[in-house]
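*Asks:* Just dropping this structure here.
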Amino acid sequence: MIKNGIKASYAGYKQWLKISILSFVILSEGVLASQLQKDMQMLTSKAHAGRKAGGSEGPNVSAQYIHQRFEQLEYQPFYQSFEFKTGFFSTAKGHNVIATLPCTVAPCEANIVITAHYDHLGGQPSSYYAGANDNASGTSTLLLLAQSLKQVNRRHSVTFVATDAEENGLYGAKHFVSELDSNERTTLNINLDMLVPNKRNRLYVLHSKKTELAVEVLKKQPTESLRVKIVNSRYKMQRLMDNPRIDWHKASDHYAFAKENIPYLYFGIGEDKNHHTKRDTLESLDFSRFQLVVKFINNFMVELLDTPLEATN
């Protein structure tokens with residue numbers, strides 16, 4: 001009886017510890033939400049003028065802002081520069097911004113890469129494409145995760161990648177994947193692209209094969225009033241969207257990982273009537289719905305980092 005009692009107590013303690021860690025993250029929601037809003041306001045401001053890739057040789061103001069935010073969070077970020085095509089005979093420079101978070105336990109399991117593209121369509125300060133949903137929302141969430149995940153137990157290392165030149169052809173993600181060290185295992189890509197739901201309050205999670213354990217963790221997360229649709233094929237996404245023209249498997253940076261047989265989970269709202277228009281502004285978004293999405297993804301990531309996952313390459 002005493003032995004069983006000790007086992008029960010220990011199991012209870014482990015559960016309490018997990019809940020306490022999660023609660024710590026949730027308790028700081030007010031602080032995190034305030035920073036989330038500040039990042040959104042900055043990335044959609046006139047100073048960033050639509051975050052167009054390739055406008056300068058060096059990192060643009062948006063890349064510099066993301067780099068600075070990682071530094072404020074006590075990371076050691078770096079730029080990963082690359083060249084991409086802008087026409088038949090012309091090229092431009094793009095700049096990914098990367099930061100890494102090590103494991104807290106040994107042995108460290110395979111790395112998880114979280115991506116969000118920060119580039120958009122550009123413009124002039126007087127008239128520009130703000131790209132609030134596409135993809136200031138994903139970039140701001142990436143930065144929030146970089147802040148919150150520092151607090152939790154991590155079996156996996158995490159690489160945060162704010163990619164450039166996604167709108168031009170996923171060039172930043174393709175370059176990042178091409179530079180992966182073959183000696184370092186990458187078990188999963190989490191891609192964040194357009195995260196603020198419309199009135200249907202629906203979030204889609206498209207996942208590839210070999211993501212069973214991650215999907216199990218995902219299904220356990222409380223959704224509150226958020227309607228989460230977990231989808232296992234591009235064809236099901238097309239049916240749900242009632243639009244066969246978009247191949248969601250290839251629609252964002254996760255495709256660069258899929259081509260190298262790295263499994264992915266892609267978080268997004270699907271179609272948005274303001275997509276690639278100047279109506280995609282901060283004012284057009286429902287911040288309370290956005291917070292529900294961010295909370296859901298954050299809670300998922302907290303548990304995922306403490307879950308053993310099988311490396312695929």
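*Asks:* Please tell me the relative contact order of the chain in percent, rounded to the nearest whole number, where contacts are Cα pairs under 8 Å and at least six residues apart.
*Replies:* 21
*Asks:* Kindly report the accessible area of region 265-313 per residue (heavy atoms of protein chains, probe 1.4 Å, no ligands, DNA or RNA), in Å².
*Replies:* Using a 1.4 Å probe on heavy atoms only, each residue of region 265-313 averages 42 Å².
*Asks:* Now for a different question. Give the angle, between 0 and 90 degrees and rounded to the nearest 10, that separates the Cα long axis of helix 61-72 from the longest principal axis of the Cα atoms of the chain.
*Replies:* 20
*Asks:* May I pose another question? If each residue of separation counts as 0.36 nm, what is the full-extension length gain between M241 and E179 once their alpha-carbon separation is subtracted?
*Replies:* Additional length available on full extension: 18.9 nm.
*Asks:* Compare the Cα positions of N189, A99, G169 along the charge dipole of the chain (+1 at Cβ of Lys, Arg; -1 at Cβ of Asp, Glu; about the Cα centre) and return the one farthest towards the positive end.
*Replies:* Highest projection toward the positive end goes to N189.
*Asks:* Still on this structure, please answer the following. Using a 7 Å offset from the Cα along the Cα-to-Cβ direction at both K229 and S90, what is the distance between the two label points in nm, to one decimal?
*Replies:* So the two model labels end up 3.8 nm from each other.
*Asks:* Counting only heavy atoms of the protein chains, get the accessible area per residue of region 56-188 (1.4 Å probe) and round it to a whole Å² value.
*Replies:* I get 41 Å² per residue for region 56-188.
*Asks:* With all protein chains present, how much of the accessible area of the chain (probe radius 1.4 Å) comes from carbon and sulfur, to the nearest whole percent?
*Replies:* Working: 7770 of 15120 Å².
After summing per-atom areas, the C and S share lands at 51 percent.
*Asks:* Follow-up question, since we're still on this one. For the chain, what is the mean residue ellipticity at 222 nm derived from helices alone (per DSSP H run of n ≥ 4: -39500 (n - 2.57); sum divided by total residues; nearest 500 deg cm²/dmol)? All intermediate terms of the calculation are to be shown ahead of the outcome.
*Replies:* Working: 9 runs with 112 residues, N = 313.
My calculation for the chain gives -11000 deg cm²/dmol from helical runs alone.
*Asks:* Taking the convex hull of the Cα atoms, report for the chain its projected area averaged over all directions, in nm².
*Replies:* For the chain, averaging the hull's shadow over all directions gives 17.4 nm².
*Asks:* Using the alpha-carbon atoms, what tilt in degrees (0 to 90, nearest 10) does helix 29-43 show relative to the longest principal axis of the chain?
*Replies:* That works out to roughly 20 degrees.
*Asks:* Can you tell me, using C-alpha contacts under 8 Å and at least 6 residues apart, the relative contact order of region 224-313 as a whole percent?
*Replies:* On the way: 32 pairs, mean separation 24.2, N = 90.
Contact order relative to length: 27 percent.
*Asks:* If you don't mind, another one. What angle do you read, to the nearest 10 degrees and between 0 and 90, between the alpha-carbon axis of helix 287-304 and the longest principal axis of the chain?
*Replies:* Helix 287-304 and the main axis of the chain meet at about 50 degrees.
*Asks:* Starting from the residue with the highest accessible area, list S127, S252 in decreasing order, probe 1.4 Å. Mind dumping the intermediate values first?
*Replies:* On the way: S127 55, S252 0 Å².
In descending accessible area the options line up as S127, S252.
The values are calculated or read from the model by the stated rules, or taken from the named source; none is laboratory data. Just so it is clear, the structure is predicted and the values come from calculations on it, not from any experiment. Cβ sites come from the backbone with ideal geometry, for glycine too, and all protein chains shown count toward neighbours. Accessible surface is based on the protein model in full, side chains and every heavy atom, while ligands, DNA and RNA are left aside. Shrake-Rupley method; radii C 1.70, N 1.55, O 1.52, S 1.80 Å.
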